[in-house]
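**Q** My questions all concern the structure below.
Read-outs throughout are calculated quantities, based only on the coordinates presented, and are distinct from any laboratory measurement. If you're wondering where the values come from, they're calculated on a predicted model, not measured in any experiment. For neighbour counting, all protein chains shown are included, and Cβ atoms are generated from backbone atoms with ideal geometry for every residue, glycine included.
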Amino acid sequence: MSNSTEIEQYILQFPETVQEILRNIRQLILENAPEAEELMAYGMPAYKAHKKPLVYFAAFKNHIGFYATPSGHSAFQEELSKYKQGKGSVQFPLDQAIPYDLIKRMVQLRLAENQQKAKKGK
């Protein structure tokens, strides 16, 4: 099964409203990091760019988990402060509007970080 098919299978296990959110996040990642490799990791959709982890996302009963590693979260600390967080993770409640613009900027930041690391040969 291709990575793309695996991710679609993952999305299909959720209610339609959640599927739409997951597809929007997936599309947003692919549009802003077109060179990213799409795969499943830790049981969730994952993206790598320049051979380094970029972002991950997952659906849960009451929220969408978004994982941009610690650096992707610390850069947006103030905007993320209204959401429940862990180290390198944030929970976007399903009963609130999903902050797609914020997710987009987090993806762009992580991509820029990975590009910098690739240039430095790390």
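**Q** Aspartates and glutamates within cross-link reach of residue 51: Cα-Cα under 15 Å, excluding same-chain residues under 8 positions apart?
**A** The reachable aspartates and glutamates, counting only those whose Cα sits under 15 Å from residue 51, are 35, 37, 38, 113.
**Q** Moving to a separate point now. Hey, could you get me the Stokes-Einstein D for segment 3-61, Kirkwood radius over alpha-carbon pairs, 20 °C and 1.002 mPa s, rounded to whole µm² s⁻¹? Could the numbers behind the result be given before it?
**A** Working: Rh = 11.5 Å.
Taking Rh from Cα pairs, D becomes 186 µm²/s.
**Q** Report, as a whole number in µm² per second, the diffusion coefficient that Stokes-Einstein gives for segment 35-105 at 10 °C and 1.306 mPa s using the Kirkwood radius over alpha carbon pairs.
**A** Details: Rh = 12.6 Å.
Translational diffusion coefficient: 126 µm²/s.
**Q** With charges only on Cβ, +1 for K and R and -1 for D and E, what is the dipole size of the chain about its Cα centre, in debye, rounded to 20? Please report the intermediate quantities before stating the final value.
**A** Numbers: 16 positive and 13 negative charges, 142 e Å.
For this selection, approximately 680 debye.
**Q** Identify which of 84, 48, 61 has the largest mean-square fluctuation in a Gaussian network model of the chain, with springs joining Cα atoms closer than 10 Å.
**A** In the Gaussian network model the winner is 61.
**Q** Provide, for q = 0.11, 0.18 Å⁻¹, the log10 of I(q)/I(0) from a solvent-free Debye sum over equal Cα point scatterers in the chain.
**A** -0.34, -0.93
**Q** Could you list, in their original order, any pairs among 82/104; 82/117; 48/84; 84/117; 52/120; 48/119 whose Cα atoms are separated by more than 20 Å? Mind dumping the intermediate values first?
**A** Numbers: 82/104 18 Å; 82/117 30 Å; 48/84 25 Å; 84/117 29 Å; 52/120 13 Å; 48/119 16 Å.
Listed pairs above 20 Å: 82/117; 48/84; 84/117.
**Q** Continuing with this model, one more query. Highest GNM mean-square fluctuation, the chain, Cα pairs closer than 10 Å: which of 97, 49, 68?
**A** 97
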